[in-house]
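Engineer: Let me begin by handing over the structure; questions about it come next.
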Amino acid sequence: MTKNRSAQGRDQGMTHTFAGGCLDRAAHLRSDAAAIAGLLETDGARFLPYRAASPLVTGGRSPGLGWLSAEDLAVVVVGPSEALFLGLEEGEARFAVPVPETVQEGDLGAGSSSFRGVREVAPLLSVADASVMATGRSLVAWHASHGYCPRCGSASSMIDAGHARRCTDSRCGVVQFPRTDPVVIMLIHRNGSCLLGRAVRSRRYPPGLHSCLAGYVEPGESIEEAVRRETLEEAGLRVGHVRYHSSQPWPFPSTLMIGCFAEALAGRPRIDPAELESVRWFTREELLEAVVRWDEDGALRVPPPLTIAHQLARAWLSEGSGLDTSHP
Ligand SMILES: [Zn+2]
C-alpha cells in the first residue's frame, strides 16, 4: 500500500491525511463468522497490534505499519475474538488487534519496529497506511471504552468482527455501532481576509498558533447551522453563505472533521473567553506566509499540513489566486 499522495489527490480531489485507504472493507463478511474464522486461519492474514492507542510501526527512514502474522502474535495470547476486521488487501485479511500494555516490542519478535503515536507517525506514512492506522485506532479506542450496555449496564461483547457490540443480557440485547462524531471546522472570510482564532486549550502550543474555528454538530442541527452557531458563540460574528469543502476522519478518538468556507456578515469579532484566547482577521499575505512557514516561529502560525485546518487555508489561498498550494 504505497499509493502516491499527490497522484491520489489528483484522482479523487483533496485527500486529507487519515482518508484515502485502499483496503476493501468487505463489510458483507463481518457478520459471516465462518468466513472470518477462515480468513483468520489463512497464511496471508496479517495483524496490526495496538498498545493502548499506539500501533506497531516498522523502523527506518520510511516507516510502514508493523503487520504481524498469527504466529508472531500468538505469544501475547490474543484470541480470535479480539481481532478487529479491517478489510482485505488483494484478497488477504487485515486485522487490528489490541494487545496488553505490558507487551514489549521484543515480545513480538518485531525487530526494529516500535509502538508509536498516531499523530507523530502519520506524516511519515503513505496515504493508504495512515488511513488504515486511523481506522484501527478508532476501532480499538471504541471497544476499549464501550464495554457496557448503554441501556441496562450489563457487559457487552464484540460481534460482527469488531464492527458492533451486543449487550450480553438476552432480555436486552442492545446493539451498538462504532461512533463517529461530526465536527464542523470553518475558514471564516470577508473582503479578502480570513478569521483565525487561538483556542484557550491551545495555550501549550507555540506562540502565534491560530487555527480555524471548530465545534461539534449538535443533535437536530445541519452542517450549515452548526457553522453559524459556533461562529456566533465563539467569535460573536454572524455568517451568511456556507460552502462545504472537504472532510477528514480524525482518529482522536473518532471524529469526522467537516471543512467549510463561511462568509462573515458585517460586524466586529467578540470572543467567548471560555473558548478563545484571541481572534483576529489576517490578510491573504499574512496567511500565505504562515502556511509556507508553518513550522517556524512567527506572529502567525497555522497547524501542520496533516490537519484539515492547514489544508483549508491552502485551498482558500489558491482560489482565484493562481497559486499552486495543492496538498503536499
Ligand atoms: Zn443491555
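Engineer: With a 1.4 Å probe and all protein chains left in place, how much of the accessible area of the chain comes from carbon and sulfur atoms, in whole percent?
Structural biologist: Ligands and nucleic acids excluded, carbon and sulfur reach 50 percent.
Engineer: What is the P(r) of the stretch 102-169, as percent of Cα-Cα pairs per 5 Å bin from 0?
Structural biologist: Using 5 Å bins, I get a P(r) of 3, 14, 17, 16, 17, 15, 10, 6, 2, 0 for the stretch 102-169.
Engineer: Below 8 Å, C-alpha to C-alpha, sequence gap of six or more: please give me the relative contact order for the stretch 5-145 in percent.
Structural biologist: 34 percent
Engineer: Let me cross-check ARG25: its accessible surface, 1.4 Å probe, with only protein heavy atoms counted, in Å² to the nearest 10?
Structural biologist: Result for ARG25: roughly 130 Å² accessible.
Engineer: Something else about it: GNM, the chain, Cα, under 10 Å: largest mean-square fluctuation among ARG30, ARG293, ARG204?
Structural biologist: Result for the chain, Cα springs under 10 Å: ARG204 fluctuates most.
Engineer: Ignoring solvent entirely, what values of log10 I(q)/I(0) come out of the Debye formula for the stretch 111-232 at 0.12, 0.17 Å⁻¹ when each Cα is a single scatterer?
Structural biologist: With one equal scatterer per Cα and no solvent, log10 I(q)/I(0) is -0.76, -1.10.
Engineer: When the distances between all Cα atoms of the chain are binned every 20 Å from zero, what whole-number percent does each bin get?
Structural biologist: 28, 52, 20, 0
Engineer: What is the local net charge at LEU88, summed over the other residues whose Cβ is closer than 14 Å to its Cβ (Lys, Arg +1; Asp, Glu -1)?
Structural biologist: In short, -1.
Engineer: In debye, nearest 20: dipole of the stretch 5-145 around its Cα centre with unit charges on the Cβ of K, R (+) and D, E (-)?
Structural biologist: With Lys and Arg at +1 and Asp and Glu at -1, about 640 debye.
Engineer: Please report the relative contact order for the chain, taking Cα pairs under 8 Å with a sequence separation of at least 6, and give it as a percent rounded to a whole number.
Structural biologist: The value is 17 percent.
Engineer: Out of every Cα pair in the stretch 5-145, what percent are spaced more than 18 Å from each other?
Structural biologist: 55 percent
Engineer: Further question on the same structure: Can you compute the label reach from ALA164? Point 7 Å from Cα along the Cβ direction, backbone N cut-off under 19 Å, restricted to the stretch 176-192.
Structural biologist: 176-180
Engineer: Taking loop as defined by DSSP and a crowding limit of 16 other beta carbons within 10 Å, which trypsin sites (Lys or Arg not before Pro) in the stretch 72-142 fit?
Structural biologist: none
Engineer: Further question: Sort HIS28, HIS245, HIS143, HIS16 from largest to smallest accessible area, using a 1.4 Å probe on the heavy atoms of the protein chains. Display every interim value, and only then the final one.
Structural biologist: Details: HIS28 140, HIS245 55, HIS143 25, HIS16 5 Å².
Largest to smallest exposure gives the sequence HIS28, HIS245, HIS143, HIS16.
Engineer: Another question, if that's okay. Can you compute the helix-only [θ] at 222 nm over the chain? Use -39500 (n - 2.57) per DSSP H run of at least 4 residues, normalise by all residues, nearest 500 deg cm²/dmol.
Structural biologist: Using -39500 (n - 2.57) per qualifying helix, the result is -7000 deg cm²/dmol.
Engineer: Next up: Which percentage, to the nearest 5, of the DSSP beta bridges contained in the chain is antiparallel?
Structural biologist: Approximately 75 percent, going by the DSSP bridge assignments.
Engineer: When the Cα atoms of the stretch 181-318 are enclosed in a convex hull and the volume is divided per residue, what value in Å³ results?
Structural biologist: 104 Å³
Engineer: Could you report the stretch 160-204's accessible area per residue, 1.4 Å probe, as an integer in Å²?
Structural biologist: Details: 2280 Å² over 45 residues.
Value for the stretch 160-204: 51 Å² per residue.
Engineer: Which distance in nm do the two modelled labels at ARG270 and VAL175 give, with both placed 7 Å along the Cα-to-Cβ direction?
Structural biologist: 5.0 nm
The values are calculated or read from the model by the stated rules, or taken from the named source; none is laboratory data. What you see is a predicted model, and the numbers here were worked out from it, not measured in a lab. Every residue, glycine among them, receives a Cβ derived from its backbone with ideal geometry; neighbour counts consider all protein chains shown. Protein only, heavy atoms only, side chains kept; ligands, DNA and RNA dropped before computing areas. Shrake-Rupley method; radii C 1.70, N 1.55, O 1.52, S 1.80 Å.
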